[in-house]
Amino acid sequence: MWYAIVAAGILLCAILAVTSKKLLVSAIWLAVTSALVALMLYLLGAQQLAVIELSVGAGLVTVLFVFAINISGEEPMSLKPVMPKALAWGLVIIAVGMTIFLTLKSGVLGLTLQMPSTASMILWGNRYLDILLQIAFIFCGVLGVLGLLSDGKPEIQEEDEE
Amino acid sequence: MTNLPVPFIIVLTILGLVGVGFYCLLATRNLIKVIVALQLIIKGVFLAFVLAGNLTGMISIAQTMGLTVIVADTIVAVIGLSMAVQIRHKMGTLDTKALSSLKR
């Protein structure tokens, strides 16, 4: 029962995030979607991941979105889409249909959920190469934040030393 | 509604998230909205990771992989937003179609 309610909430918030006209409202709905996804992860037994998703996905990313929208300003969203809506819907339906076909073929739906108790080994226990990958990602993120904060061309200011 | 098996409900959620994000990616022209669409798709993907880990009894590995996905997801958001802000500063617009004037 909980799963159905949370799933409906996730889908509703995702649709509202996509269809809302203002960027700021869209970012807020994305944060609510993220929080509900974290709740779903908790229900699936991934507690540690749920906490990280709640703090990073619903917290940090939302702050970044609000910051970037404030810097760049709202733009009117009444632009016509790049491709016709019918073509976009057709491509989406084809992609989702192929995924449904593969899902049904793999027999995933016949399995039942397990609720194993997990240790907090996930942070260090199972890590091999991906910790290096994450370090590289974090450096990229630092560069990205610098790009977010800088004002384009640095203006050379000549200061009098006296 | 309550009689549906739980994996079915979660697979529907994943497909819904990926479908909505994919549609927004195809239809929108605003750069920040494109990043919102990417975030929705990535959320669907790591929900699928955790579902697969839960069904096969390897939730620990799934959580580790999900952690990497969350880090990558955040970095994608940071770099995408910083590119959007810089493009807005340089070219004065967030419209992806106006950016194609770079080709000329």
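Within segment A:58-82, track down each residue that is within 16 Å of the chain's Cα centre (by Cα), at the interface with chain B (Cβ under 7 Å from one of its Cβ atoms) and either modelled with pLDDT under 85 or surrounded by fewer than 18 Cβ atoms within 10 Å (Cβ to Cβ) (or both).
The one that is within 16 Å of the chain's Cα centre (by Cα), at the interface with chain B (Cβ under 7 Å from one of its Cβ atoms) and either modelled with pLDDT under 85 or surrounded by fewer than 18 Cβ atoms within 10 Å (Cβ to Cβ) (or both): A:LEU60.
Check segment A:44-54 and report whether any residue there is within 21 Å of B:ILE79 (Cα to Cα) and either in contact (Cβ under 8 Å) with a residue 24 or more places away in the chain or at the interface with chain B (Cβ under 9 Å from one of its Cβ atoms) (or both). Working first, answer last.
The initial filter retains those residues of segment A:44-54 that are within 21 Å of B:ILE79 (Cα to Cα), namely A:52-54.
Okay, now just the ones that are also either in contact (Cβ under 8 Å) with a residue 24 or more places away in the chain or at the interface with chain B (Cβ under 9 Å from one of its Cβ atoms) (or both), so A:52-53.
Checked segment A:44-54: at least one residue is within 21 Å of B:ILE79 (Cα to Cα) and either in contact (Cβ under 8 Å) with a residue 24 or more places away in the chain or at the interface with chain B (Cβ under 9 Å from one of its Cβ atoms) (or both).
How many residues does segment A:30-49 contain that are modelled with pLDDT under 90 and open to solvent by 10 Å² or more (accessible area, probe 1.4 Å)?
4
So, in segment A:7-27, exactly how many residues are among the hydroxyl-bearing types (Ser, Thr, Tyr) and either crowded, with 21+ Cβ neighbours inside 10 Å or closer than 24 Å to B:LEU51 by Cα (or both)?
Narrowing segment A:7-27 to residues among the hydroxyl-bearing types (Ser, Thr, Tyr): A:19-20, A:26.
Now restrict to residues that are either crowded, with 21+ Cβ neighbours inside 10 Å or closer than 24 Å to B:LEU51 by Cα (or both): A:26.
Of the residues in segment A:7-27, 1 are among the hydroxyl-bearing types (Ser, Thr, Tyr) and either crowded, with 21+ Cβ neighbours inside 10 Å or closer than 24 Å to B:LEU51 by Cα (or both).
On the given criteria, is B:THR64 at the interface with another protein chain (Cβ under 7 Å from one of its Cβ atoms) and more than 26 Å from A:LEU12 (Cβ to Cβ)? Write out each step before concluding.
Details: at the interface with another protein chain (Cβ under 7 Å from one of its Cβ atoms): yes; more than 26 Å from A:LEU12 (Cβ to Cβ): yes.
So B:THR64 passes the test.
Note down all Cβ pairs under 6 Å where the first residue falls in segment B:30-55 and is more than 7 Å from every other protein chain (Cβ to nearest Cβ), the second is among the β-branched types (Val, Ile, Thr) and open to solvent by less than 10 Å² (accessible area, probe 1.4 Å), and they're at least six residues apart or on different chains.
Pairs found: B:GLY53/B:ILE59.
Out of all the residues in segment B:69-79, is one or more more than 7 Å from chain A (Cβ to nearest Cβ), under 18 Å from A:VAL145 (Cβ atoms) and open to solvent by 30 Å² or more (accessible area, probe 1.4 Å)? Give the derivation first.
Kept after step one, since they are more than 7 Å from chain A (Cβ to nearest Cβ), are these residues of segment B:69-79: B:69, B:73, B:76.
Narrowing further to those that are under 18 Å from A:VAL145 (Cβ atoms): B:73, B:76.
From the residues that got through so far, the ones that are open to solvent by 30 Å² or more (accessible area, probe 1.4 Å) too are B:76.
Yes, the conditions are met somewhere in segment B:69-79.
Among what's in segment B:54-63 and is open to solvent by less than 40 Å² (accessible area, probe 1.4 Å) and in contact with a Gly (Cβ under 8 Å, 6 or more places away or on another chain), pick the residue that is nearest to B:PHE8 (Cα to Cα).
B:ASN54
Only one of B:LEU4, B:LEU102, B:LEU12 is closer than 25 Å to A:LEU109 by Cα, modelled with pLDDT under 85 and either more than 7 Å from chain A (Cβ to nearest Cβ) or surrounded by fewer than 23 Cβ atoms within 10 Å (Cβ to Cβ) (or both); which?
On the way: B:LEU102 fails: closer than 25 Å to A:LEU109 by Cα; B:LEU12 fails: modelled with pLDDT under 85.
When all the criteria are applied, what remains is B:LEU4.
Regarding A:ALA86, is this residue within 20 Å of B:VAL20 (Cβ to Cβ) and under 23 Å from the mean Cα position of the chain (by Cα)? Break it down into steps so the answer makes sense when it comes.
On the way: within 20 Å of B:VAL20 (Cβ to Cβ): yes; under 23 Å from the mean Cα position of the chain (by Cα): no.
No, not satisfied.
When residues of segment B:17-52 are filtered for being open to solvent by less than 20 Å² (accessible area, probe 1.4 Å) and farther than 15 Å from A:VAL61 by Cβ, how many remain? Can you show your working first?
The first filter runs over segment B:17-52 and keeps only residues open to solvent by less than 20 Å² (accessible area, probe 1.4 Å), leaving B:17, B:19, B:21, B:24, B:27, B:30, B:32-33, B:35-37, B:39-40, B:43-44, B:46-47, B:50-51.
So of that shortlist, the ones also farther than 15 Å from A:VAL61 by Cβ come out as B:17, B:19, B:24, B:27, B:30, B:44, B:47, B:50-51.
So the answer is 9.
The values are calculated or read from the model by the stated rules, or taken from the named source; none is laboratory data. Please read all numbers here as calculations on a predicted model, not as lab measurements. Glycine gets a Cβ as well: all are built from the backbone with ideal geometry, and neighbour counts include every protein chain shown. Accessible surface is based on the protein model in full, side chains and every heavy atom, while ligands, DNA and RNA are left aside. Shrake-Rupley method; radii C 1.70, N 1.55, O 1.52, S 1.80 Å.
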